[in-house]
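A.B. asks: I'd like to ask some things about the structure below.
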């Protein structure tokens, strides 16, 4: 699990804003940031992976730009080397959906859907 956890953290932290495991954002941190699921898929099995991008803003311009940057990084799928294998990430067909935050109109959140697979060498 440590290998996949490290790879996920490094991937999601590579977009110029902090990244945290879902529901583990320190209270003193304010948006923008990314949250992501921490999971360990079985070897060779495709599994859904979800992440969210958070911004406090009056428009969707900055959050949309960040989501586009992430989509371009994934492209048609990326591979990330692990100590004993490789992790693949693909964008799901429902890549990005805006998630309204009713009680905070200036909080913007985009829900990202991906597919993850890990293979051993």
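A.B. asks: When only C-alpha pairs under 8 Å and at least 6 residues apart count, what is the relative contact order of the range 56-121, in percent?
C.D. replies: Numbers: 96 pairs, mean separation 23.4, N = 66.
Relative CO of the range 56-121 lands at 36 percent.
A.B. asks: Once you keep just the Cα pairs under 8 angstrom separated by 6 or more residues, what percentage relative contact order results for the chain?
C.D. replies: Details: 229 pairs, mean separation 33.2, N = 121.
Contact order relative to length: 27 percent.
A.B. asks: Which entry in [x] 14.9; [y] 16.3; [z] 16.9 matches Kirkwood radius over Cα pairs in Å derived from the coordinates of this structure?
C.D. replies: Evaluating Kirkwood radius over Cα pairs in Å on these atoms matches [x].
Every number here is computed from the coordinates shown, using simple stated rules; none is lab data. It should be emphasised that the depicted structure is a prediction, and the values quoted were computed from it without experimental measurement.
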